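Handing you this structure, nothing more for now.
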Amino acid sequence: MPKINFIKEKKVVEVPEGANLRREALKAGVEVYSGIDKYIHCPGLGICATCRVCIKKGEENVSRQGWWEFFNMLKHPLTFFARLGREKQLRLACQTKVYGDVEVETQPEINLYGERFWG
Ligand code: FES
């Protein structure tokens with residue numbers, strides 16, 4: 001069974017293959033939302049783009065980003081900036097399925113500059 005290592009929370013959980021990352025985080029008591037987003041967010045439909053997480057290791061072990069997730073990440077300003085410079089690692093937890101071991105950073109820092117944004 002795949003393992004999800006939530007780095008900040010120092011919590012490792014075993015999940016069934018194909019498990020939804022957001023659902024497993026909530027089950028494990030891991031908070032994926034920050035600030036007001038804890039109270040105002042969509043029910044895991046990929047619309048609000050507030051459940052952003054950074055896949056630090058094992059990005060090959062999660063589902064590929066689809067156009068729905070990609071589009072919704074671009075329309076949310078904080079998620080847009082958080083994504084700069086780590087386009088493949090930043091994901092919406094509710095749209096990510098886990099197929100192997102991964103290390104996940106919840107509530108990743110927002111990178112206002114990115115590596116390529118101004119350069
Ligand atoms: S919970 Fe709204 S986009 Fe993930």
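Which of the residues spanning region 47-72 are near the ligand (Cβ under 9 Å from one of its atoms) and either under 22 Å from residue 100 (Cα atoms) or of a type in the set (A, V, I, L, M) (or both)?
In the first step, residues of region 47-72 are kept if they are near the ligand (Cβ under 9 Å from one of its atoms); the result is 47-52, 69, 72.
Residues satisfying the conditions are 47, 49, 51, 52, 69.
Scan region 89-119 for residues that are modelled with pLDDT of 90 or more and not β-branched (Val, Ile, Thr) and report the count.
Of the residues in that region, 14 qualify.
Can you find a residue that is more than 8 Å from the ligand (Cβ to nearest atom), in contact (Cβ under 8 Å) with a residue 24 or more places away in the chain, acidic (Asp, Glu) and under 16 Å from residue 83 (Cα atoms) anywhere in region 23-36?
No, because not a single residue in region 23-36 is more than 8 Å from the ligand (Cβ to nearest atom), in contact (Cβ under 8 Å) with a residue 24 or more places away in the chain, acidic (Asp, Glu) and under 16 Å from residue 83 (Cα atoms).
Something else: Could you grab me the full set of residues in region 40-63 that are under 12 Å from the mean Cα position of the chain (by Cα) and either surrounded by fewer than 14 Cβ atoms within 10 Å (Cβ to Cβ) or part of a strand (DSSP E or B) (or both)?
Listed by number, the residues that qualify are 52, 53, 54, 55, 56, 62.
With the structure loaded, tell me whether residue 46 is at positive phi and either touching a helix residue (DSSP H, G or I) at 6+ places or on another chain (Cβ under 9 Å) or among the aliphatic types (A, V, I, L, M) (or both) or whether it fails that test.
Criteria met by residue 46.
The values are calculated or read from the model by the stated rules, or taken from the named source; none is laboratory data. Note that the structure is predicted; figures quoted are calculated from it, not measured. When we count neighbours, we look across all protein chains shown, and the Cβ atoms used for this are built from the backbone with ideal geometry, even at glycine.
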